[in-house]
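Just so it is clear, none of the values below were taken in a lab; they were calculated from the coordinates. Source: prediction; values computed, not measured. All Cβ positions, glycine included, derive from the backbone under ideal geometry; neighbour counts span all protein chains shown.
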Amino acid sequence: MGRLAWVFGLTALFMVVEAVGGWLSGSLALLADAGHMLTDVGALGLTLVTAWIARRPASLTKTYGYVRWEILAALVNGAVLFGIAALIVAEAADRIREPAPIQGGLFLAVALAGLVVNGVSLALLHGQHHDHLNTRGAYLHVLGDLLGSVGAVAAAGIVLATGWTLADPIISVVLSLLILVGGWRLVRESVDVLLEAVPGHIALDDVEARMRRVPGVTAVHDLHVWTVTSGMVAMSGHALVPDLARHPAVLDGLRAAVAELGIGHVTIQLETCEGCLEPDPESPQAPAGHEGHRH
């Protein structure tokens, strides 16, 4: 959280500098990027708050604690990125229809400063954004800021060299498309977690096959694998093990088998009779034609 707090402070400070620079120079790219950074300040603040909330311990009513706040924040961050991209395109369309004069020198100076600040922020978060969706959302926001600064520098160079002011809104549109791609990925992954979908790096058939290969297991059903929050994959399932004496060894074997796939939170019910297999209509592994009670 320490690095994230530094990024929050740098982003908030330079947002003001960029807004003033954009207003004085007449650059849409700087004003759009300042607006982008304003939403990023809010998103980074949300990330910090939810990271703090997620550390709160579990309770009798919140048995998983508050770890899923991270996923909710990631979803909000992704949706905000969509809104940012739309606003930039709308602003660019107006500027293309009615070009405005731009002070290229000031434009370039502020853009270069923004490039440096965003580069430092991205470096602070680099290496920490792979494990948590919420941190990845913050990383994508800062990456969007960096791309905005690159585009602003390019547009400023073109304006200074050729006087062609349309480069400013055109580059803004290109950058908004890059922001849109990052936002879509974040929203898609967040929704998958909230819908308790099987994680993308795990195949349900592979989980079942590994469980069936454990000596003593003759069938597997009611198998579910989902992500609780970033880095926490859970699984529940039923395994048919007719030999009651083998249950302790089989249970250890099943836990070891799924642990190889990165599944750490495991709930397995062992059953001893074929008639115990009661089909679960929501499970793709549910066998047909079996009824009865669970052992």
Query - Pair Val49, Leu13: separation of 7 Å Cα→Cβ label points (nm) - result: 2.4
Query - Gaussian network model of the chain, Cα within-10 Å springs - most flexible of Glu260, Glu208, Glu70 - result: Glu260
Query raised in the report: Where the centroid of each part is defined by its Cα atoms, how far is segment 97-128 from segment 1-27 in Å?
Result: 10
Report summary line: Quick calc, Ala256 & Val116: beta-carbon distance into FRET formula, R0 51 Å, rounding 0.05, result 0.55
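Give the calculated FRET efficiency between Thr272 and Ala209 to the nearest 0.05, with a Förster radius of 25 Å applied to their Cβ-Cβ distance.
0.70
Mean Kyte-Doolittle hydropathy of -0.5 or higher plus an axial Cα length of 30 Å or more: which whole DSSP H helices in the chain meet both?
Qualifying helices, which must be both long enough and hydrophobic enough, are 2-25, 28-54, 69-97, 104-125, 133-162, 167-194.
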